[in-house]
Amino acid sequence: MTERQIEAKRQEEMQVVGEMIRLFCRKRHMAVGSADGLCPACHAVYAYAMERLRRCPRMAEKTFCSECPIHCYRPAEREQIRQIMRYAGPRMLWHHPWMTLRHMYFSWQSMRRAKKKAAVAAEK
C-alpha cells in the first residue's frame, strides 16, 4: 500500500468516526448550537479519536480498529467510542448509506480473508 493510499484510508476513517460522533451527539446531547455540532464532552472524544487515527501505526494492515491487536485508546475512551458506535452504527444506514455499505463490504471481505486463512492453517 502506498503512502498516498494509506493517507486516503486514514482520512476516510476519520470522516466516518467524525460522522458517527456527530450523529450520536446530535441525537443524544442535542448540541445544535456549537460551531462543530458537538457538545464539549463529544468534542473531547472526537479530538482524542482523531489524534489516535493520526498516529495509528497499523493503518496499512488493519481493516477496523476493533480488529486491531494494538489498543490505542485508553479504557475510558474506548468505552465511550464503543457506546457511540453501538448507537450510531445502525443509524448510519439512514444518514450515510454509502459509508455504511462500504463498511459492510470491507467487513465481509475481512471475514472472508479470516476464514480462508483459518482453512489454510487447518490443512497444514
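Derivation of every value follows stated rules applied to the coordinates shown; laboratory data play no part. Since the structure is predicted, the reported quantities are computational estimates derived from the model, not experimental observations. Cβ atoms come from the backbone with ideal geometry, glycine included; neighbour counts cover every protein chain shown.
Tabulated data for the structure shown
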{"item": "Cα-based helix-to-principal-axis angle, 40-54 vs the chain, degrees rounded to 10", "result": "30"}
{"item": "Cysteines without a disulfide-compatible neighbour (Cβ-Cβ under 4.7 Å), the chain", "result": "C39, C56, C65, C68, C72"}
{"item": "Spatially near lysine pairs across the chain, Cα under 29 Å, sequence gap of 8 or more or different chains", "result": "11"}
{"item": "(i) 23; (ii) 17; (iii) 14, with the label sought being that of the calculated percent of Cα pairs over 27 Å apart", "result": "(i)"}
